[in-house]
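Every number here is computed from the coordinates shown, using simple stated rules; none is lab data. For clarity, every value in this text was computed on a predicted model and none was experimentally measured. Ideal geometry is used to build each Cβ from the backbone, glycine not excepted, and the neighbour counts take in all protein chains shown.
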Amino acid sequence: MGSEGTNTAGLAGLIARRTDVLLCAVVATLSTVVCNWSPVRQVEKSVCDQRARLVALSRAPSPEIVIVGIDDESLQLLEPQVGRWPWPRAVIGSLINYCSSAEIIGLDILFAEQDHVFQGSDDHLAAEVSFHGSVVGATYMSDQNDVGLLPDAVESSSLPGAELHQWDLTSYPNGVPPYPALLSACSGLGVVTNITDSDGVMRHYALVAKCQGKVYPSLALAMAMRYKGVGVGSFAVGPGNACRLEEQTFPTDTRGALLLDFPSRRHRVISAADLLLSQKARLEGEEPEIWPEDLAGKIVILGSTATGVHADRIATPVEGSLPGVHVHAVALDNLLNNRAFQPVRAWVAFLLTILLALPISASPLRRPLGLLGSHVALGIAYICATVFVAIGLRWILPLTSPIAAVLSCGLALGIRYWRRDQAERRRLEELEAAKQRFTDMLVHDLKNRVAPISMALAVVDRQLSPDNQAGKCVVSMAQVSAERLLTEIKSLLDIRRMSEGQLGLQPQMTSLADFLTKDLEAVQSAALQLGFKIRIEHGTPHLSAPIDRGIISRVLGNLVWNAFEHGTPDSELEVGYERTGDDAIIWVANHGPVVPEDQREAMFEAYVSVGTGNAGKRISGTGLGLTFCKLATEAHGGTIRLMSPWPSYADGVKVCVVLPL
């Protein structure tokens, strides 16, 4: 029978566990589907931007990349001499000349038309670019119809490889190259057109762009190829959506775009004004602030950083407004140092979501709030883990779908367990109500059965002659036992009422000496028949306490009868009282077996039998007496405690009822 019950419980637990697993799997799948909804994807982007800021704290910009910025100071310095922007091309040529020691120079400035104001300026710039030999020019791709077609000379900078066309590349109908002389002088061309997400934030950098059927490298990619000394044929599509540049592989999306890993601060910027002033100082024989040799071996990008030049400012995850030249520097840094982020694929993200959600179903927690709280903690731990993974491995793990799955699973399981707890609570309440109804009916029926017995014993007692002492003693014992039985029957009902706080007390100041003397008279004959002698120990004289005499009388009776039941026959029972501080103590002590320490608390629980090894006990109990004593004492605001062995002796039990005065 026990084995069958165990098997049934095990089967029910297995079914419940499988239901939890299935529920978590379904919730995780639905969370993944919902997180692919456009508004939720926007939340994913915002959360990932916060993570990107944290990751950026561990990143330092490459010292090899230097930006020569045309800033507000430079514009103010040259305005009296050459006027407002755009400057004469000769000024740009002077900047390139002073950067002659740089390994490679990239132009993030579009020189589309010839300068018809300053004669010879275009030729001067082209000559300086040609003299340096490693200058990458800029070309702009546009979807506007008023922009012309790219000349054939630009096609030499395009990337070969039919596999590039398999990407979902951004395709532009038209483009703007440098003017012919500069185009011929540049060692390469790079696209400076940037792409942004739907919210206007630039998180990806397109390595290539498609225009008029040809694929062209971005400015950063063209500079990277030139820096490595490889041709356009070295760039190819790698496995998956990745691209390959010689031996390096870069993770890209289907558009051929890098997910940029931004550094904690901007790359080094040298003001164009400082370079021009340093050049002037050298010509005048003075000490320059910046020597040409300071840029030896550096990668220089020349571009605008001024606030009023043009709208080449882009919102990024780490800054709300970043000059475009800095974005090219970050992309070039990622390419040269292989720092780009690698987003996990969709199926990996889904598998991660499932693997994160399923172990939740095995959680031992069943409290709804505790379960939900543990899932929130798990979600926070996962967010921290994604930050460390991004820092160490540069893998970008999904955020919204796993977090949504974890929280949703926690909520779903919490609701499930809450509903199950509610159903179990209702079932227990129904059982408790049924038990109470049964107890009330049982008490009523038993009282009706005991009352005739007491009446019959009273009649028999009156019929016996005064000389028949043996018969009267037997009848007296029967009457005491019947009264004891009636007391225990009433205890069934009173215990429930006390537990529910429905039994009202009527305390009155009562002399404890008179109380003990009168109450113990009723059990003296039973004590003699059972072989016990009761001794009253009067402690503090004239001690009175506020008690409900009827209730405490039943407490005393229960304690005395327990002493009869478990005490050693032909021994002495001690009943006494005393004052200790603000409390009055009534105790009953008897010789007999010692109650083990680990069973003393259990003695005050209903229907619990505590073994004492007393083979000579004469009266059996129901296990309700001490429960009633505890509840009655607590209803008076007091406590009850048990000491074993009896402190005055080496055996027995002493039960103390502590009542406040």
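Tabulated results
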{"quantity": "Amide H partners (placed H, <5 Å) of residue 142, local residues excluded", "calculated": "174, 175, 176"}
{"quantity": "In region 505-660, lysine pairs closer than 20 Å at Cα, eight or more apart or cross-chain", "calculated": "5"}
{"quantity": "Contour minus Cα-Cα distance for residue 116 and residue 431 (0.36 nm per residue)", "calculated": "103.4 nm"}
{"quantity": "Local electrostatic count at residue 390 - Lys and Arg +1, Asp and Glu -1, tallied over other residues with Cβ under 12 Å", "calculated": "+4"}
{"quantity": "Simple label model, 7 Å out from Cα along Cβ direction - residue 264 to residue 486, nm", "calculated": "8.9"}
{"quantity": "Phi-based couplings in Hz for region 46-58 (Karplus 6.51, -1.76, 1.60; Gly and Pro marked x)", "calculated": "5, 5, 5, 4, 4, 5, 4, 5, 5, 5, 4, 4, 9"}
{"quantity": "Furthest towards positive pole of dipole, 464, 441, 54, structure part the chain, Cβ charges", "calculated": "464"}
{"quantity": "Shape of region 61-338, Cα gyration tensor, a/c cut at 1.5", "calculated": "prolate"}
{"quantity": "About the Cα centre, charge dipole magnitude for the chain (Lys/Arg +1, Asp/Glu -1 at Cβ), debye", "calculated": "2860"}
{"quantity": "Options 397, 305, 411, ranked by Cα towards positive dipole end of the chain, top entry (Cβ charges)", "calculated": "411"}
{"quantity": "Relative packing of peptides 419-431, 180-192, 637-649, 575-587 - highest average C-beta neighbours within 10 Å first", "calculated": "180-192, 575-587, 637-649, 419-431"}
{"quantity": "HN-Hα J in Hz across region 230-243 - Karplus 6.51, -1.76, 1.60, θ = phi - 60°, x for Gly and Pro", "calculated": "10, x, 5, x, 7, 8, 8, 7, x, x, x, 9, 6, 10"}
{"quantity": "Per-peptide average of other Cβ atoms within 10 Å, ordering 71-83, 224-236, 130-142, 402-414 highest first", "calculated": "402-414, 130-142, 224-236, 71-83"}
{"quantity": "Selection from 523, 337, 178, by position along the positive dipole direction of the chain (Cβ)", "calculated": "523"}
{"quantity": "Summed residue charge, Cβ within 15 Å of residue 76's Cβ, Lys/Arg positive, Asp/Glu negative", "calculated": "-4"}
{"quantity": "Cα centre as origin, Lys/Arg/Asp/Glu Cβ charges: region 246-289 dipole, Debye", "calculated": "220"}
{"quantity": "Cut-off under 5 Å, modelled amide H: who pairs with residue 270 long-range", "calculated": "67, 68, 69"}
{"quantity": "Global geometry of region 505-660, whether rounded, prolate or oblate, following the gyration tensor of its Cα atoms and the 1.5 cut on a/c", "calculated": "prolate"}
{"quantity": "Note, ³J(HN,Hα) from phi for region 114-126, Karplus 6.51, -1.76, 1.60, rounded to Hz, x at Gly and Pro", "calculated": "6, 8, 8, 8, 9, 5, x, 5, 4, 5, 5, 5, 4"}
{"quantity": "Burial ranking of peptide ranges 91-104, 464-477, 23-36, 209-222 (average Cβ count within 10 Å, highest at the top)", "calculated": "209-222, 91-104, 23-36, 464-477"}
{"quantity": "Amide H contacts under 5 Å for residue 106, placed H, 5+ residues apart", "calculated": "136, 300, 301, 302"}
{"quantity": "Size of charge dipole - region 61-338 - debye, nearest 20, with Cβ of Lys, Arg +1 and Asp, Glu -1, no other charges", "calculated": "500"}
{"quantity": "Neighbourhood net charge (15 Å Cβ-Cβ; Lys/Arg +1, Asp/Glu -1) for residue 151", "calculated": "-2"}
